[in-house]
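Right, one structure below, let's go through it.
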Amino acid sequence: MNNSTPFIPLSEPCLNGKEKEYILQCIDTNFISSIGPFVTRFEEEFAKYVGSQYAVACASGTAALHIALILAGVSENDLVMAPTFSFIASVNPIMYQKATPILVDSEPKTWNMDPELIIGEIRQRVKTGKTLPKAIILAHILGHPANIEPLIDICLKHNITIIEDAAEALGATYSKGRFQNKHVGAIGEIGCYSFNGNKIISTGGGGMIVTNNPAFAKRAKSLTTQAKENRLDYWHNEIGYNYRLTNLAAALGVAQLEQLPNFLVKKRRIAENYNEALSHLEYVYPLPHEAWANPSFWLYCIRISSKILQDTTPVQISEILLKHGVQTRPLWTPLHLMPMYKNMIRLGGSHSESLFREGLTLPTSVNITKEEQNIAVKSLMNMIENL
Ligand SMILES: *Cc1c(COP(=O)(O)O)cnc(C)c1O
């Protein structure tokens, strides 16, 4: 890269709203830490946005998932179904609880956990009298809703808690069927979101738990704040965590949430531009978009067929593109390939491995210009021609 090469980042936060104003309010009023009006305001406005009764802010999406598992009663040796193809934080909190993940392969249609595999395994376990999973962490990866509908009744019947990992899909909704217009994260018993730096809205770091269950909401608030009883003598009835979100971070959250509808419009437009620019490329496939889903298009991904990639990996492609100032990134190494997870129970085949072998994320910042998108596509085309 030299000075005249443009740099097009993968995804950067957009802080063009009232972030500065609200942060200054925190500083002027001395409310920077765990007490202050922005935390409650962020929780209330967030719950309203996604259409949930309660929202509890926490330090990260990972913390939100950890608390969600505790709310679901998951403890040592319990089974929890989770995706093998997701960011690792979808699964690590299961290990924090000393529970055992059952890693589920992706379905080619949405790249999310395959509901047929989940249902098949539950039925099989019922039939043979084997232990049932206590919960499912249903991740909506890359902004595309997971197919939750077929899972609802069977999970309800067998008392399996659905925890939605909506960290990457804030703003995505279902566009058809029983959950039409409902937000991802607000359908299962518990939903978790992340406001890490790379997510669609960011508080620097942060997360949210949503639920319609008042007892869950109350316990989540307690567990994220050291399970402190409301008395002066530092009395605690159980072991809690310091997982609270600061007022400073929540101030950013409120400002970001105000811009979310606009961010979503832009992300959708970015996806349309890429779809169009890439449509004539043979062996390059855009990310899924099912007719029943209204994705958030958080990050735009493509699959490049291994027919043309041959032995070139997405890691190598990313390195080549970076030399041209275009930041891209491979998708996740499937969890069952990593040492901590290689001996876990697995459902399904190796769709996750082909997604890993062929998947690439393109620059998708909210403020990317069409011109920058065209540069990214051109670099990609050059790279493919030279394979
Ligand atoms: C980002 C992410 C998380 C974790 O969120 P943090 O706020 O980074 O802890 C969990 N699951 C998925 C799918 C994510 O992308």
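So the values come out like this:
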quantity: From GLY143, GLY188, GLY120, residue being at pLDDT 95 or above, within 16 Å of the chain's Cα centre (by Cα) and over 30 Å from THR328 (Cα atoms); calculated: GLY188
quantity: Neighbours by Cβ (under 6 Å, 6+ apart or cross-chain): first from region 73-92, among the hydroxyl-bearing types (Ser, Thr, Tyr); second modelled with pLDDT of 95 or more and within 9 Å of the ligand (Cβ to nearest atom); calculated: SER86/ALA139; SER86/ILE141; SER90/PRO83; SER90/ILE137; SER90/ALA139; SER90/ASP165
quantity: Breaking point among (1) in contact with a strand residue (DSSP E or B) (Cβ under 9 Å, 6 or more places away or on another chain); (2) in contact (Cβ under 8 Å) with a residue 12 or more places away in the chain, for GLY197; calculated: (1)
quantity: Among the candidates ASN343, ASN374, residue that is at pLDDT 95 or above, outside any helix (DSSP H, G or I) and over 20 Å from the mean Cα position of the chain (by Cα); calculated: ASN343
quantity: Residue list for region 79-118, filter: out of contact with any strand residue (DSSP E or B) (no Cβ under 8 Å at 6 or more places or on another chain) and surrounded by fewer than 19 Cβ atoms within 10 Å (Cβ to Cβ); calculated: ILE88, ASN92, TYR96, LYS98, PRO108, LYS109, GLU116
quantity: Hits in region 131-152 (condition: within 16 Å of the ligand (Cβ to nearest atom), touching a strand residue (DSSP E or B) at 6+ places or on another chain (Cβ under 8 Å) and part of a helix (DSSP H, G or I)); calculated: ILE141, LEU142
quantity: Residue within region 331-353 that is in contact with an Asp or Glu (Cβ under 9 Å, 6 or more places away or on another chain), of a type in the set (A, V, I, L, M, F, W, C) and buried (at least 19 other Cβ atoms within 10 Å of the Cβ) present; calculated: yes
quantity: Residues of region 1-36 that turn out to be in contact with a Lys or Arg (Cβ under 9 Å, 6 or more places away or on another chain), surrounded by fewer than 15 Cβ atoms within 10 Å (Cβ to Cβ) and not hydroxyl-bearing (Ser, Thr, Tyr), as a count; calculated: 1
quantity: Count of region 174-192 residues which are buried (at least 17 other Cβ atoms within 10 Å of the Cβ), without any contact (Cβ under 8 Å) to a residue 60 or more places away in the chain and away from the ligand (no atom under 16 Å from the Cβ); calculated: 2
quantity: Of residues in region 193-222 being hydrophobic (A, V, I, L, M, F, W, C) and away from the ligand (no atom under 16 Å from the Cβ), the one farthest from the chain's Cα centre (by Cα); calculated: ALA215
quantity: Cβ-Cβ under 7 Å pairs, at least 6 apart or on other chains, region 312-331 side without any contact (Cβ under 8 Å) to a residue 40 or more places away in the chain, far side β-branched (Val, Ile, Thr); calculated: PRO330/VAL315
quantity: Residues satisfying the stated conditions in region 59-78, i.e. more than 9 Å from the ligand (Cβ to nearest atom), crowded, with 20+ Cβ neighbours inside 10 Å and not in a helix (DSSP H, G or I); calculated: ALA72, VAL74
quantity: Unmet criterion (only one of (1) crowded, with 22+ Cβ neighbours inside 10 Å; (2) within 16 Å of the ligand (Cβ to nearest atom)) for VAL39; calculated: (2)
quantity: Residue that is farthest from TRP298 (Cα to Cα) [pool: residues in region 168-200 that are of a type in the set (Ser, Thr, Tyr) and part of a strand (DSSP E or B)]; calculated: TYR174
quantity: Of all residues making up region 153-173, the number that are over 18 Å from PHE46 (Cα atoms), more than 16 Å from the ligand (Cβ to nearest atom) and within 20 Å of the chain's Cα centre (by Cα); calculated: 1
quantity: Qualifying residues in region 269-314 (those that are in contact with a helix residue (DSSP H, G or I) (Cβ under 9 Å, 6 or more places away or on another chain), among the small types (Gly, Ala, Ser) and part of a loop (DSSP other than H, G, I, E, B)) - the one nearest to ASN198 (Cα to Cα); calculated: SER296
quantity: Filter result for the condition that a residue is within 16 Å of the ligand (Cβ to nearest atom) and either over 21 Å from the mean Cα position of the chain (by Cα) or in contact (Cβ under 8 Å) with a residue 24 or more places away in the chain (or both), over TYR241, TYR274, TYR234; calculated: TYR241
quantity: Within region 83-111, tally of residues that are near the ligand (Cβ under 9 Å from one of its atoms) and of a type in the set (Phe, Trp, Tyr); calculated: 1
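The values are calculated or read from the model by the stated rules, or taken from the named source; none is laboratory data. Note that the structure is predicted; figures quoted are calculated from it, not measured. With ideal geometry, Cβ positions are generated from the backbone for all residues, glycine too; neighbour counts draw on all protein chains shown.
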